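Student: Before we start, here is the structure in question, set down as structure tokens.
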Amino acid sequence: MIDNNRLRIAVQKSGRLCEGSMELLKAIGVKLSIRDRLLIAHSTNLPVDLLRVRDDDIPGLVMDGVVDLGFIGENELEEKMLERKAADKQHQYDVLERLDFGGCRLSIAVPNEMQYQGMASLNGKKIATTYPYLLERYFREQKIDAKAVMLNGSVEVAPRAGLADAICDLVSTGATLEANGLEEKEVIFRSKAVLIQRRGEMPQPKQQLIDKLLTRINGVMQAKESKYIMLHAPKDKLDEVKALLPGAENPTLLPLAGNDNSVAVHVVSTETMFWETMEKLKALGCRSILVLPIEKMLG
Ligand code: ATP
Ligand code: MG
């Protein structure tokens, strides 16, 4: 049963965004009991229902107001927005957060044997893609007269099959392109997963829950980038030590039992701690240098 008082979140049921979305939900304290075949999963500790669907459906579900939130790749979101706009359908939404997973780029790739001398080489050509609206927008911007041919799968074999001259597809490492004798030439869109919210009135308790979850998401993302650094530093080198520690304006200094020459320095750093920095600290006389991961942060 669908209960309108519960927050409805759409996630990809399986695929590249699934793990990142589920891990994030878990990290922000949304407990779920997932039964594999079911479309809906209820949270056991919060008024949250999860709608598990194909990623293609998520932008539409949010834009139509069927769900309150959705985790989706920007590529799919922007494509569906353009498609719906062209069809005069609801295409509004708000991005609550750009997330740190699902990174990829949408690129034009051409067969190795094609004489490619820049975008102009694509004039009069057919380009196979799952993202015709994004591709055609790019062609308009670049003033290229090429045709997007829509293919829902196996885009990378289209040139060999004689269906198109080149392709425009998602790339992360480029291995698939290489395996199919294709060369990446133009990046037309850079994408990450985002959390989006539907437009329109939101009952107060639901909005409060969204705000709370969003604060937790920020806490999880901040924690991932941060480290807790502990070390023993010689007292007479403290200024130099502080200058080396990234983002360490207010370190905690603690006395060391039985050692008057050194103090323990504890600090949360929002920047990466490189081996080079640790080696410099050691050269200054610091000892027991520890860099620890942080699980959650608030405030
Ligand atoms: P569904 O069955 O839900 O429709 P799908 O096959 O359309 O799944 P996936 O391959 O799981 O989609 O990709 C989902 C999203 O993951 C992409 O739209 C993109 O935002 C992101 N992504 C990240 N890296 C890649 C990649 N290397 N290739 C394709 N998509 C990627
Ligand atoms: Mg899909």
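Student: Restricting to the range 161-216, and then to whatever is free of Cβ contacts under 8 Å to residues at least 24 places away in the same chain and in a loop (DSSP other than H, G, I, E, B), can you tell me which residue is farthest from ligand 1 (Cβ to nearest atom)?
Tutor: Checked the range 161-216; the qualifying residue farthest from ligand 1 (Cβ to nearest atom) is E201.
Student: Still on this structure: Does the range 239-248 hold any residues that are under 31 Å from the mean Cα position of the chain (by Cα) and either modelled with pLDDT of 95 or more or not in a loop (DSSP other than H, G, I, E, B) (or both), and which are they?
Tutor: Across the range 239-248, the qualifying residue is only L244.
Student: On the given criteria, is V11 open to solvent by less than 50 Å² (accessible area, probe 1.4 Å), assigned to a loop (DSSP other than H, G, I, E, B) and within 23 Å of Y131 (Cβ to Cβ)?
Tutor: Considered against the rule, which asks whether it is open to solvent by less than 50 Å² (accessible area, probe 1.4 Å), assigned to a loop (DSSP other than H, G, I, E, B) and within 23 Å of Y131 (Cβ to Cβ), V11 comes out as no.
Student: Which is of a type in the set (A, V, I, L, M), farther than 26 Å from T129 by Cα and within 16 Å of ligand 2 (Cβ to nearest atom), of L51, L77?
Tutor: Answer to the check: L51.
Student: While we're looking at this one, here's another question. Among (1) more than 19 Å from the chain's Cα centre (by Cα); (2) under 26 Å from P293 (Cα atoms); (3) assigned to a helix (DSSP H, G or I), where does M230 come up short?
Tutor: (3)
Student: Moving on to the next point. Could you grab me the full set of residues in the range 104-130 that are within 16 Å of ligand 1 (Cβ to nearest atom) and open to solvent by less than 50 Å² (accessible area, probe 1.4 Å)?
Tutor: Matches in the range 104-130: C104, L106, S107, I108, A109, A128, T129, T130.
Student: Just a yes or no: is a residue in the range 42-53 in contact (Cβ under 8 Å) with a residue 24 or more places away in the chain, near ligand 1 (Cβ under 10 Å from one of its atoms) and open to solvent by 60 Å² or more (accessible area, probe 1.4 Å)?
Tutor: no
Student: Working only within the range 24-39, note down all residues that are touching a strand residue (DSSP E or B) at 6+ places or on another chain (Cβ under 6 Å) and either open to solvent by less than 40 Å² (accessible area, probe 1.4 Å) or assigned to a helix (DSSP H, G or I) (or both).
Tutor: Hit for the range 24-39 is V30, nothing else.
The values are calculated or read from the model by the stated rules, or taken from the named source; none is laboratory data. None of the values given here were measured: they were computed from a predicted structure. Positions of Cβ are generated from backbone atoms using ideal geometry, with glycine treated the same way; all protein chains shown enter the neighbour counts. Each accessible area value is taken on the protein alone, full model and side chains, heavy atoms only, with ligands, DNA and RNA left out. Shrake-Rupley method; radii C 1.70, N 1.55, O 1.52, S 1.80 Å.
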